[in-house]
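Please read the structure below before turning to the comments.
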Amino acid sequence: MSKKSIVLLSGGLDSVVSLALAADMNYNPKLALTFDYGQISFNRECKSAKEISKYYNLEHQIIKLDWLKNILNSALKEEKNIPALKEDVLDDKNITKKTAQAVWVGNRNGLFVNIAAAIAEIKGYSHIVLGANNEEGSTFKDNTKEFIQAENKALVYSTNTNVEVIAPVIDKDKPQIVEIGLKLNVPFKYIFSCYKNGEKHCGICESCVRLKRALKLNNRNDLIEELF
């Protein structure tokens with residue numbers, strides 16, 4: 001079967017660079033899925049994902065998970081509860097494990113992968129592209145190689161076409177992901193990695209601070225000024 005892939009596209013750095021890498025690696029991305037599960041940033045994420053999908057000539061589909069929205073108890077549901085961090089504590093695991101727990105959504109990536117797998121089998125797609133990466137894998141266990149390996153073992157039994165999850169940046173940290181994105185001419189102007197819902201990145205949530213540090217380490221203060 002020829003490769004055709006579905007991209008789990010939030011519009012953030014990791015998912016966008018993973019999309020670009022999947023295309024570069026001939027996984028032939030065709031469809032982007034963006035999930036509405038009650039996160040306050042959804043409208044802004046969706047705008048970003050639509051622009052990126054148009055840029056890469058992908059079909060874009062929104063998956064509404066109203067049942068999850070109704071029971072969601074993550075800080076991602078209310079802006080006032082989202083933790084703020086400073087750059088100098090990003091590598092302090094005692095702190096970042098607590099902030100990760102605050103924004104945790106139980107089985108989110110597992111749910112996204114399994115919905116995408118159902119669509120993939122029905123539509124004849126072979127792969128699912130996930131933006132899991134090494135930096136977030138240190139605090140989010142659904143961003144690890146072990147998670148992807150476990151998902152792929154399960155998909156052998158839950159799909160007849162052996163749909164497979166790939167994570168092109170799984171071994172990379174954020175500065176490396178930015179570097180790859182720059183080499184692949186990723187449209188950074190469309191990226192939205194913030195936990196909040198402003199037109200620009202808030203600059204103080206953990207996702208923003210990680211992106212800002214990565215851009216700084218790549219000497220791209222111009223992109224910091226544009227995005228924040």
Exercise. Looking at the range 209-218, is at least one residue surrounded by fewer than 16 Cβ atoms within 10 Å (Cβ to Cβ) and over 21 Å from Arg44 (Cα atoms)?
Worked result: yes
For this session: Would you be able to tell me the number of residues in the range 69-113 that are surrounded by fewer than 18 Cβ atoms within 10 Å (Cβ to Cβ) and either part of a helix (DSSP H, G or I) or acidic (Asp, Glu) (or both)?
Result: 22
Problem set entry | Filter result (out of contact with any strand residue (DSSP E or B) (no Cβ under 7 Å at 6 or more places or on another chain), among the hydrophobic types (A, V, I, L, M, F, W, C) and part of a helix (DSSP H, G or I)) within the range 10-49 | Leu13, Val16, Val17, Ala20, Leu21
Exercise. Which number in (1) at pLDDT below 95; (2) touching a Leu at 6+ places or on another chain (Cβ under 7 Å) marks the one condition that Ala117 misses?
Worked result: (1)
Exercise. With Asn197, Asn152 as the choices, which residue is free of Cβ contacts under 8 Å to residues at least 24 places away in the same chain and surrounded by fewer than 19 Cβ atoms within 10 Å (Cβ to Cβ)?
Worked result: Asn152
For this session: Among residues belonging to the range 172-228 that are under 14 Å from the mean Cα position of the chain (by Cα) and among the basic types (Lys, Arg), point out the one that is farthest from Asp88 (Cα to Cα).
Result: Lys172
Seminar exercise, completed: Residue pairs within 6 Å by beta carbon, gap of at least six or interchain, first lying in the range 168-190 and more than 23 Å from Ser138 (Cβ to Cβ) and touching a residue at least 12 places away in the same chain (Cβ under 8 Å), second buried (at least 18 other Cβ atoms within 10 Å of the Cβ) and not β-branched (Val, Ile, Thr), listed first then second, are Leu184/Ala20; Val186/Ala20; Phe188/Leu223; Tyr190/Ser48
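Per-residue answers, yes or no, for (1) surrounded by fewer than 20 Cβ atoms within 10 Å (Cβ to Cβ); (2) at pLDDT below 95; (3) out of contact with any Ser or Thr (no Cβ under 6 Å at 6 or more places or on another chain); (4) within 30 Å of Ala118 (Cβ to Cβ):
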residue	(1), (2), (3), (4)
Val165	no, no, yes, yes
Pro168	no, no, no, yes
Lys174	no, no, yes, no
Glu179	yes, no, yes, no
Val186	no, no, yes, yes
Ile191	no, no, yes, yes
Cys202	yes, no, yes, no
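Here is a yes/no grid of residues against (1) of a type in the set (Gly, Ala, Ser); (2) not in a loop (DSSP other than H, G, I, E, B):
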{"position": "Thr139", "(1), (2)": "no, no"}
{"position": "Glu146", "(1), (2)": "no, yes"}
{"position": "Ala154", "(1), (2)": "yes, yes"}
{"position": "Tyr157", "(1), (2)": "no, yes"}
{"position": "Asn160", "(1), (2)": "no, no"}
{"position": "Pro175", "(1), (2)": "no, yes"}
{"position": "Val178", "(1), (2)": "no, yes"}
{"position": "Cys194", "(1), (2)": "no, no"}
Seminar exercise, completed: When (1) of a type in the set (A, V, I, L, M); (2) over 19 Å from the mean Cα position of the chain (by Cα); (3) assigned to a loop (DSSP other than H, G, I, E, B) are applied to Ala132, the one that fails is (2)
For this session: Out of Lys80, Lys50, Lys69, report the one residue that is free of Cβ contacts under 8 Å to residues at least 40 places away in the same chain, in contact with a Gly (Cβ under 6 Å, 6 or more places away or on another chain) and basic (Lys, Arg).
Result: Lys69
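The values are calculated or read from the model by the stated rules, or taken from the named source; none is laboratory data. Only a predicted model underlies this, so the values are computations on that prediction, with no experimental measurement involved. Note that we place each Cβ from the backbone using ideal geometry, even for glycine, and neighbour counts take in every protein chain shown.
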